[in-house]
Amino acid sequence: MGVVGAGKTTVGNLLAQRLSWRFADADDFHPAANVEKIRRGIPLDDSDRAPWLAALRDAILRWNAEGQNAVLACSALKRKYRDELSADGVRYVYLKGDYDLIEQRLQARRGHFASDSILKSQFEDLEQPDDAITVDIDKKPEAIVSEIIDKLKSTSVAYSDRAQK
């Protein structure tokens, strides 16, 4: 979890590969109207997010019912969003970075519907979690993933033997 440009998709994909888990991007669960608002730099409000959060919760519950581990890249900026997405086995990893670093990344990024135009509102909405695995994003994605896995080892989250290498 984290603001736009924190590296959720990149780090999430790498983490899922290392753990041999499924990867999903919460952006893929947005209705088309939400994507269009974000593309135009219009921040989403809670009514925009409601169907998106419901779809994400349904996916999490389905994965749990199927016994499937997953890494879900999702902003989950507010505590109430994280509360809605919480279920057995869900652990949050907060990709923490400062505004200037993330703004630089967003200005260099191409081909994504979210841009630096929504960064300010995302930082305003961000309620930093106190119950998440927190990693600073000022290093390479591979190093971030290794740090996450090291921190997961001290929790009750099961992970594959591949992650121990």
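The values are calculated or read from the model by the stated rules, or taken from the named source; none is laboratory data. A quick note: this is a predicted structure, and the numbers were derived from the prediction, not measured. Please note: Cβ atoms are built from the backbone with ideal geometry, for glycine as well, and neighbour counts cover all protein chains shown. When the accessible area is computed, the model is the full protein with side chains, heavy atoms only, and any ligands, DNA or RNA have been set aside. Shrake-Rupley method; radii C 1.70, N 1.55, O 1.52, S 1.80 Å.
Descriptive notes on the structure:
- Test: residue in segment 25-39 that is part of a loop (DSSP other than H, G, I, E, B), touching a strand residue (DSSP E or B) at 6+ places or on another chain (Cβ under 8 Å), open to solvent by 40 Å² or more (accessible area, probe 1.4 Å) and not aliphatic (A, V, I, L, M): no
- The requirement of being without any contact (Cβ under 8 Å) to a residue 40 or more places away in the chain, hydroxyl-bearing (Ser, Thr, Tyr) and open to solvent by less than 70 Å² (accessible area, probe 1.4 Å) is fulfilled somewhere in segment 83-99, by at least one residue.
- Test: residue in segment 124-136 that is at pLDDT below 95, within 26 Å of GLY41 (Cα to Cα), open to solvent by less than 80 Å² (accessible area, probe 1.4 Å) and in a helix (DSSP H, G or I): yes
- Which numbered condition TRP63 fails, given (1) in a helix (DSSP H, G or I); (2) more than 21 Å from ILE149 (Cα to Cα); (3) in contact (Cβ under 8 Å) with a residue 40 or more places away in the chain: (2)
- Verdict on LEU44 being outside any helix (DSSP H, G or I), of a type outside the set (Gly, Ala, Ser) and farther than 26 Å from LYS151 by Cα: yes
- Check on SER121, open to solvent by less than 60 Å² (accessible area, probe 1.4 Å), modelled with pLDDT of 90 or more and not in a strand (DSSP E or B): no
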